[in-house]
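**Student:** Pasting in a structure now, in structure tokens, and then I'll have a few things to ask.
The values are calculated or read from the model by the stated rules, or taken from the named source; none is laboratory data. As the structure is a computational prediction, the values presented were derived from the model and not from experiment. All Cβ positions, glycine included, derive from the backbone under ideal geometry; neighbour counts span all protein chains shown. The accessibility values were calculated without ligands, DNA or RNA, using every heavy atom of the protein model including side chains. Shrake-Rupley method; radii C 1.70, N 1.55, O 1.52, S 1.80 Å.
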Amino acid sequence: MSAADVRYDARWQRSVRCVMRAYALTAVLSAALGTLLHFRGGHPVAVALAADGFATLVVFAFSLEHGNTSLYDPYWHLAPPVILAYWLYARVSVGPMRASAWARCVAMSAVLGCWCLRLTYNWLRGWRGLEHEDWRYVKLRRAVRARGWPDAAYWFGLSLVGYHLVPTAVVFFAMLPMAVAVAGCSAPPAAGGALDALALVVGLGSVAVQAIADEQLRAYRRARAASPNDARFQSGVIDTGLWRYSRHPNYAGEIGHWSSFVLFALGAGAGRECALALAGWLPMVALFAFVSVPLMEAEQAAAKPAYRSYQREVSMLLPLPRGAPASAE
């Protein structure tokens, strides 16, 4: 779906206002729960997890009301900045932080904020309104109905668990290195701050890779729509820019973005005792490598015969020279 296909008319605006009201109510209710748990002495990570899970259930209620699982789509990139802000508040409330720790927190916030803004902009740019639902959800619901199963099997089995709670959990686990970095704000920076600098470069660079890949894909789709008979677009497969060296540069950038917070945590002096928390981003990698990418690859290969040749020539995630990516990844 390209932005050119979206009509930003009164109907679209009403849809946006509806989602904004739903998310505002979600924010108020989850904030109330989080505030109650915080002032009862709950650990900041546990408080955030409880509020995050509760908010997901509220969003699911709106998805169910409108019969559209895609109402959840903005949640997973809107929630992380709020959670990080709460963790920073919780840390500041127990004592002062070093100047280097403030710099690290500002850097983390910048990386996360740029990531959130990019995804929110993309969502608004490509969202057609309340009638728009991701093709994967539509395909799965049709498969459930084709088997003769009731709609409840889709909504409470697949939509609630697979497309609401699991993504929320995966993103929350990927945020655990941030919690480690914030908790370590009383220690001097490891490696003289070099790890923090590297984390900032990796984080912002990864978001930039995603943004560039997004724009290159949009430009390709616009050009193809304008010149459908042009030989360059007959295959339907973008093979220029970043896409010439990676079949999914946007997903590669996503993985790089989350890995930057591991570097921030290491820069805060995280050691072996934090190994489980630092590994929290690995489920995110697994989600992309074993779920999102295979689904996208299967859909592309089924719709575009030339995609098989593209798969043989171009690396799946890591940008690599063309030729033998399968053995390199």
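**Student:** Can you pull the percent of the chain's accessible area that's carbon plus sulfur, 1.4 Å probe, other chains left in place? Each step should come with its number before you reach the end.
**Tutor:** Values: 10820 of 16220 Å².
Its accessible area is 67 percent carbon and sulfur atoms.
**Student:** So for segment 59-200, averaging the separation of alpha carbon pairs under 8 Å that are six or more residues apart and normalising by length, what relative contact order in percent results?
**Tutor:** Contact order relative to length: 43 percent.
**Student:** Taking the Cα centre as origin and putting +1 on Lys and Arg beta-carbons and -1 on Asp and Glu beta-carbons, what dipole magnitude results for segment 160-288, to the nearest 20 debye? Show your work: numbers first, answer last.
**Tutor:** Working: 8 positive and 7 negative charges, 84 e Å.
Here segment 160-288 has a charge dipole of around 400 debye.
**Student:** How far apart, in nm, are the 7 Å Cα→Cβ label points at Leu25 and Ala298?
**Tutor:** In this crude spin-label approximation the distance works out to 3.5 nm.
**Student:** Please give the per residue accessible area of segment 113-233, computed with a probe of 1.4 Å over protein heavy atoms only, in Å².
**Tutor:** It amounts to 50 Å² per residue over segment 113-233.
**Student:** Could you sort 24-36, 168-180 so that the peptide with the highest average Cβ count within 10 Å comes first and the rest follow in order?
**Tutor:** Listed from highest to lowest mean packing, they are 168-180, 24-36.
**Student:** Taking square-rooted eigenvalues a ≥ b ≥ c of the alpha carbon gyration tensor, is the chain rounded, prolate or oblate, where a/c under 1.5 means rounded and, failing that, a/b exceeding b/c means prolate?
**Tutor:** It comes out oblate by the Cα gyration axes.
**Student:** Right, another one. Once you place label points 7 Å from the Cα toward the Cβ at Ala153 and Leu33, how far apart are they in nm?
**Tutor:** Distance between the two pseudo-spin positions: 2.9 nm.
**Student:** What is the distance in Å between the Cα centres of segment 204-247 and segment 258-329?
**Tutor:** So the two Cα centres are separated by 19 Å.
**Student:** Next up: Taking Cα centroids, how far is segment 107-167 from segment 1-75 in Å?
**Tutor:** For segment 107-167 versus segment 1-75, the Cα centre distance is 12 Å.
**Student:** With every protein chain present, what is the per residue accessible area of segment 252-329 (1.4 Å probe, Å²)?
**Tutor:** Value returned for segment 252-329: 49 Å² of accessible area per residue.
**Student:** To the nearest 20 Debye, how big is the dipole of the chain about its Cα centre, given +1 on the beta carbon of each Lys and Arg and -1 on that of each Asp and Glu?
**Tutor:** 500 debye
**Student:** On a 0 to 90° scale, report how tilted helix 194-226 is relative to the longest principal axis of the chain, with both axes built from alpha carbons and the result rounded to the nearest 10.
**Tutor:** Roughly 20 degrees between the two axes.
**Student:** While we're looking at this one, here's another question. Taking the mean number of other Cβ atoms within 10 Å as a proxy for protection, how do you rank 75-82, 220-227 from highest to lowest?
**Tutor:** Per-residue Cβ counts within 10 Å, averaged per peptide and sorted highest first, yield 75-82, 220-227.
**Student:** If you build a Gaussian network model of the chain, linking Cα atoms that sit under 10 Å apart, which residue out of Tyr121, Tyr23, Tyr163 swings the most?
**Tutor:** Looking only at Tyr121, Tyr23, Tyr163, the biggest GNM fluctuation is shown by Tyr121.
**Student:** Okay, moving on. Sorted by packing (mean other beta-carbon atoms within 10 Å per residue), highest first, where do 91-97, 304-310, 125-131 land? Walk me through the intermediate numbers first.
**Tutor:** Numbers: 91-97: 12.3, 304-310: 14.4, 125-131: 16.3.
Most protected by this proxy first, the peptides run 125-131, 304-310, 91-97.
**Student:** Placing +1 on the Cβ of each Lys and Arg and -1 on the Cβ of each Asp and Glu in the chain, which of Pro189, Ala10, Pro319 has its Cα farthest towards the positive end of the resulting dipole?
**Tutor:** Sorting the options by dipole projection puts first Ala10.
**Student:** For the Cα atoms of the chain, what angle does the longest principal axis make with the long axis of helix 293-303, in degrees from 0 to 90, nearest 10?
**Tutor:** Orientation of helix 293-303: about 10 degrees from the principal axis.
**Student:** Taking Cα atoms, how many degrees apart are the long axis of helix 249-267 and the longest axis of the chain, rounded to 10 and kept between 0 and 90?
**Tutor:** 10 degrees
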